[in-house]
Amino acid sequence: MGTIVTIDVYTAAGVTDAEVAELCEQLDRARSVLHHADEVFSTWQPHSPISRLRSAEITRAQAPAEVAEVLERCATARDLSGGWFDPWAMPGGIDPTGYVKGWAAQNALAAFSAEYIVGAIVNAAGDIASLGSLRNGEPFRIGIVDPLAPRQLAEIVDLTGAIATSGSYERGNHLIDPHLGCPCARAASASVTGPDLGLADALATGLAVAGTPGLAFIEPLDKYEALIIGFDGSRRCTEGFPLAPHQGTLPH
Amino acid sequence: MRRTPIVIGGTVAGLVGVLAFHTKSAPLSLPAAAGAAPAAGSAAGPAASPGPGGTRKGASQPASGTSLSPSSAAQQASGVRTAVGPAVNYSYGVLSVKVTVSGRKILRVGIASIDDGGNPRSQYIDEQSIPMLEQQAIQAQSYNIQGVSGASYTSAGFAQSLQSALRSLSAK
């Protein structure tokens with residue numbers, strides 16, 4: 001499985017050649033982060049550390065340090081989501097994929113750091129990590145696909161930090177209910193915004209399974225907000241979810 | 001707004017990074033040095049191999065950065081230009097997006113190539129979802145957004161190929 005990751009860096013006016021060269025180096029670092037994450041965590045590669053862990057070829061202690069870090073964070077996400085995100089309850093063994101994509105993209109974003117960088121976006125197939133803003137100081141605007149009408153956007157968000165969206169409205173996106181052990185999703189899509197994309201990714205996954213009652217585990221989390229779109233098209237969100245004002249109405 | 005897309009060609013295990021610099025001044029122009037970026041060799045990447053008997057329409061694009069070099073952006077009269085994004089995975093196979101722009105306005109979005117491996121359910125997806133996604137892309141430009149977040153594997157793949165094609169045109 002391949003994921004295209006796109007990276008946009010917004011710079012102040014008049015970036016010099018030396019600064020472009022520096023940004024290229026930072027891009028190389030971002031690429032290494034993404035490639036390395038794929039090498040370690042791809043469940044599609046039979047000899048990746050995560051695959052070997054899943055097949056009990058190696059133990060957790062024998063796996064690379066990143067695996068331990070990710071599993072620790074998955075445990076935290078499992079607790080914060082009230083068990084609705086649970087990589088240990090996946091068929092086939094531990095599967096942190098719902099966390100890793102966001103984690104890798106967030107780490108890739110960390111490669112970009114310079115005074116002339118006004119903002120940056122790392123977009124991993126719809127899971128987005130960002131820093132800063134547009135050149136004019138306005139926040140990045142991110143559209144959320146309408147799960148019931150994929151030709152349209154359901155909402156637009158003023159983004160500070162990260163956004164992840166999880167959903168069940170398409171084949172291949174089997175959301176497993178950790179409590180039932182089988183595919184079951186109670187929302188057409190769930191979007192979570194917050195400072196860390198890895199956690200947002202995991203929370204969105206859990207929320208799409210839990211449905212509207214799951215908003216209860218997002219509300220107490222400082223700086224994390226969520227939006228659920230139901231199978232009937234209804235929207236529910238946490239109080240601080242950063243919907244952007246937009247001209248006109250988005251067609252439903 | 002000047003864009004200097006630096007395209008990193010090639011992938012390792014299916015990930016590729018595309019960097020676009022958005023700077024404040026200087027006129028819109030295509031990159032002179034897009035081809036000069038280090039193309040990391042192998043084109044092994046997001047493009048799945050076609051299944052037996054799979055439907056394949058149009059020319060497929062290699063999943064490497066070379067598809068985003070200026071030479072792939074056909075120059076036509078009156079500033080109308082087209083580009084094709086890289087092949088990306090979607091739920092039933094592989095597709096690439098073709099976009100036509102005039103200046104900074106998207107005129108047309110379509111599928112350049114699609115390979116669904118002969119999956120019988122994919123015909124419905126191809127016939128229904130793809131045209132819808134094409135419409136969405138044109139619609140999205142009126143909302144001045146910098147990205148799309150969605151749970152759909154198809155729309156994510158489609159959006160990514162489209163974004164990459166737009167980058168090569170420096171027209172987003």
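No lab work stands behind these numbers, since they all come straight from the coordinates. Source: prediction; values computed, not measured. In this analysis, Cβ positions are derived from the backbone assuming ideal geometry, glycine residues included, and neighbour counts consider all displayed protein chains.
Per residue of A:31-41, other chain Cβ atoms within 10 Å of the residue Cβ number 4 on average. Inter-label distance, A:A68 to A:S133: 4.1 nm, where each label sits 7 Å from its Cα along the C-beta direction. Projecting the Cα atoms of A:A13, A:V70, A:P147 onto the charge dipole of region A:5-237 (Cβ charges, centred on the Cα centre) puts A:P147 farthest toward the positive pole.
In the elastic network of chain A, a GNM with C-alpha springs shorter than 10 Å, the most mobile of A:P195, A:P242, A:P46 is A:P46.
The order of B:K98, B:K105, going from fewest to most other C-beta atoms within 10 Å of their C-beta, is B:K105, B:K98.
Overall form of chain A: oblate. Here a/c, set by the Cα gyration tensor axes a ≥ b ≥ c, is 1.5 or more, and a/b is not larger than b/c. Selection among A:I156, A:H35, A:G83 by position relative to the dipole of chain A gives A:G83 as farthest towards the positive end (Cβ unit charges, Cα centre).
Taken over region A:39-91, the alpha-carbon convex hull comes to 79 cubic angstrom per residue.
Multiplying each eigenvalue of the alpha-carbon gyration tensor of region A:1-136 by 5 and taking the square root yields semi-axes of 33, 16, 11 Å, largest first, rounded to whole angstroms. Put in line by how crowded their Cβ is, counting other Cβ atoms within 10 Å and starting with the fewest, B:L169, A:L148, B:L95 read A:L148, B:L169, B:L95.
Residue exposure proxy: A:E115, A:E225, A:E57, ordered by other Cβ atoms within 10 angstrom of their Cβ from fewest to most, comes out as A:E115, A:E57, A:E225. Normalised by 2.2 N^0.38 Å, where N is the number of residues, the alpha-carbon radius of gyration of region A:8-64 equals 1.74.
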